[in-house]
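All of the numbers you see were taken from the coordinates with simple rules; none came from a lab. Quick caveat, the model's predicted, so the values are computed rather than measured. All Cβ positions, even for glycine, are placed from backbone atoms using ideal geometry, and neighbour counts span all protein chains on display.
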Amino acid sequence: MRYRNSWIDATVVAIEQVAKSVMQIQILPLNGATECYTVGSHIDVSVLIDGKTEIRSYSLVGEYESNTPYIIAVKLLPSSKGGSKYMWSLAAGNKIRISQPTNNFELSHNTNDYLLIAAGIGITPIIGMAKTLKRKTGLTVKMLYAGNNKKEMPFLEELQSLLGVDLMLHYSDAQGFYNTTKLIDLASAKTQIYLCGPLPFMNAVRKTWEDGPFENSNLRFETFGASGLFAPQDFLVKIPRFDLQIKVKKNKTILQALEDAHIDVMYDCKKGECGLCQVDILEYSGDIDHRDFFFSESEKGENDKLCACVSRVANGSITIDTSYRGV
Amino acid sequence: MQSFTMNESFPLNAWYAVAWDVELKNELLPRTICNKALVLYQKKDGTPVALEDACWHRLLPLSKGSLRGDTVVCGYHGLEYKSDGRCSYMPSQETINPSACVRSYPVIQKYRFIWVWMGNPALADEKLIPDMHWNDDPEWAGDGQMIKVHCNYRLVVDNLMDLTHETFVHSESIGDRNVAEAPFDVHYDEKTATVTRWMKGIQPPPFWKGQLNRVHKHEGDVDRWQIIKFEAPCTVNIDVGVAIAGTGAPEGDRSQGVNGYVLNTITPSTNQTCLYFWAFSRNYNLKDQSNTTELKNGVAHIFSQDEDILEAQQKAINENPDREFYNLNIDAGAMWARRITNKMVEEEQETKIDAL
Ligand code: FES
Ligand code: FES
Ligand SMILES: [Fe+2]
């Protein structure tokens, strides 16, 4: 459900590193009152990147408790566009702007069989779900938590004591990429699956479900931008209609670069879901790193269009056209 | 000072009756519950569904669309939703936006009613449905209705918690001076309030005289009882009946009497309207359908008299926004009911567990 964002001033009340590259940040609205939320919710934070404000979404960690600050956990991504660097620069006492909590990843309570799947920092919305589900009786709750290694995975002990043998752990540094087809054995037709993690991992799980025996709509997932198949790099975009050639820096998106060049493109979600920002691909070299959830795999394979808000080019350049048809 | 007159609040963490089971079919039924527009329907396999009645896309009420099997099709741009609220089709694209869904509410069919939980779904526990088993217990027979009353639900609860009004509102059927004059006891606990009134050795009012005569061929004096039990936030079950005077009914032997239950659950719709579900179940003449119809019509007539009073009362409240009620001794049951409900609302606001 989409609600209009209302922005409020808030204070960072505590920061704590909870894993090798994960910072947990506690945030309290200035008036002291947090809003109640359900698990799976996120807040938007206004972040400062190169002197410009941008908006980032962070899942709220754990369940709502009255008179307790909001908790988020941010992974420092050296390849990111700068949001995580800003969040890591915060110290207790700093003022920031945040939105009210919103939930796009709502837990349904109409089954008694759940499979939670988290990879990397995708653990943040999942941990609250695990807590809520474990408090109810008569449910089967299984969980897979994958990460590079123990040191980089926050909340491990908490989850282990919560879920016991129903928690499966996977360390990809030692064990390699997780074979997602194994997940099918953990599910049945009535299992609801909640998934969050980096793009390649989510794509693999989604493919497993598309090919597998169970209803696709039982797999719910939440996307959070910023991950693709290739590390972000600078690349050139040519737009012949405007006789322009622009550079997309590695911490910018095509959409931002077009806007900076005063070329209008329609957009809404800015996270690769709605498809409104699509542009035509006329030519390209290297690889197109489709990071959206709007185009299907086969559409992505055709490389005719891309979502300018998230998708990128690796090891090459691209020529595009926008939907402008004036003279 | 707490206001009795203007308090329209209701808890969200509660089961509310939203329809009679027979009202639900494999078609879309819109209903506003606790100020929220819902669309209800029954799946092909008979299970009930309650979804938010606003399309994820551009908020058109889904009840304006159609049902295809168990799938709701929006009547504007054709987005489709499964019974759990997940979107399963979007026009002109190959994928589905992962956040596309409408809220689905926990829903249960029990005691011939459809119950919906409006608050935090993690707290929805079937055991919290108020006991109204007389409505589908084979030892009891009866039927009822739903009426939409243009008043806040609390006014209906007030009305049922004090049956003194029978004497004045329902004088030709169940009310007589004995009700207004008999003393009563009021008890309460965390979730319930009970008003007990015994009228011993009295002439029965016309309605009860007829019922008792059918079963026990008796036209003389009776012991009459009314045991009103409120269960927060809005259910009132009233154990009523008469027995031949002096045959031991007050002590527990009702074998020489006739017994009925007036079952009421009053669901807040908006702040100024409610859906009033009632039924009358009896433990005699179980097979007699004409008795069922007669009772249903009789009670419907009695409640239409209440409806008239309650809507006029709501209007007067609105016209006198600065006025407070006075409370009398007879209002003790209603006041306990309000206090228990207020506690539920307050606790919910403190912990904010109703968050949606
Ligand atoms: S703006 Fe929604 S997909 Fe790009
Ligand atoms: S409003 Fe429902 S499909 Fe557009
Ligand atoms: Fe009445």
Whole-angstrom gap from segment B:240-289 to segment A:139-179, using each part's C-alpha centre
57
For the protein assembly as shown, max minus min Cα coordinate along each principal axis, in Å, sorted largest first?
102, 58, 52
What do you get when you divide the Cα radius of gyration of segment B:270-315 by 2.2 N^0.38 Å, with N the number of residues?
1.48
Over all residues in B:242-254, what is the mean tally of Cβ atoms on other chains that come within 10 Å of each residue's Cβ?
0
With springs only between Cα atoms under 10 Å, which of B:GLN93, B:GLN256, B:GLN211 fluctuates most in a Gaussian network model of chain B?
B:GLN93
Here, chymotrypsin sites (Phe, Trp or Tyr not before Pro) of segment A:149-241 satisfying both criteria (DSSP loop; at most 12 other Cβ within 10 Å) are A:PHE177
Sort A:ASP243, B:ASP143 so the one with the fewest other Cβ atoms within 10 Å of its own Cβ comes first.
A:ASP243, B:ASP143
From other protein chains only, count the Cβ atoms within 10 Å of every residue's Cβ in A:99-106, then give the mean.
3
Relative contact order, percent, of segment B:15-127 when contacts are C-alpha pairs under 8 Å separated by at least 6 residues?
26
What Kirkwood hydrodynamic radius do you get for segment B:15-127 when you take the inverse of the mean 1/r over all pairs of distinct Cα atoms, in Å?
14.2
Please state the charge dipole magnitude for segment A:7-99, taken about the Cα centre, from unit charges on C-beta atoms (+1 on K and R, -1 on D and E), reported in debye and rounded to the nearest 20.
400
Distance from the Cα centre of segment A:15-51 to that of segment A:291-327, in angstrom?
32
Treat the count of other C-beta atoms within 10 Å as a stand-in for reagent exposure and order B:TRP134, B:TRP15 from fewest to most.
B:TRP134, B:TRP15
Report, largest value first, the span of the C-alpha coordinates of chain B along each principal axis, in whole Å.
78, 51, 33
Per-residue average of Cβ from other chains inside 10 Å of B:92-105:
6
Mean-square fluctuation maximum in Gaussian network of chain A, Cα pairs under 10 Å, restricted to A:ARG56, A:ARG241, A:ARG97, hits A:ARG241
Based on the Cα gyration tensor of segment B:199-356, what are the three equivalent ellipsoid semi-axes, each the root of five times an eigenvalue, rounded to whole Å and given largest first?
35, 18, 17
How are the alpha carbon pair distances in segment A:77-228 distributed across 5 Å bins from zero to the largest one, expressed in percent?
2, 8, 17, 20, 21, 15, 9, 5, 2, 0, 0
Cα pair count fraction exceeding 25 Å, expressed as % - chain A
54
Roughly what % of Cα-Cα distances in segment A:7-99 sit above 17 Å, to the whole percent?
45
Looking at segment B:250-309, which trypsin sites (Lys or Arg not before Pro) are in a loop (DSSP not H, G, I, E or B) and have at most 10 other Cβ atoms within 10 Å?
B:LYS287
Could you work out [θ]222 nm for the protein assembly as shown from helices alone, using -39500 (n - 2.57) per DSSP H run of at least four and dividing by all its residues? Round to the nearest 500 deg cm²/dmol.
-6000 deg cm²/dmol
Using the count of nearby Cβ atoms within 10 Å as a rough guide to exposure, how do A:LEU77, B:LEU62 rank from fewest to most?
A:LEU77, B:LEU62
Once a ≥ b ≥ c are taken as the square roots of the eigenvalues of the Cα gyration tensor of segment A:243-327, is the result rounded (a/c under 1.5), prolate (a/b larger than b/c) or oblate (a/b not larger than b/c)?
rounded
Candidates per GluC sites (Glu not before Pro) in segment B:193-291, loop by DSSP, up to 15 other Cβ within 10 Å:
B:GLU219
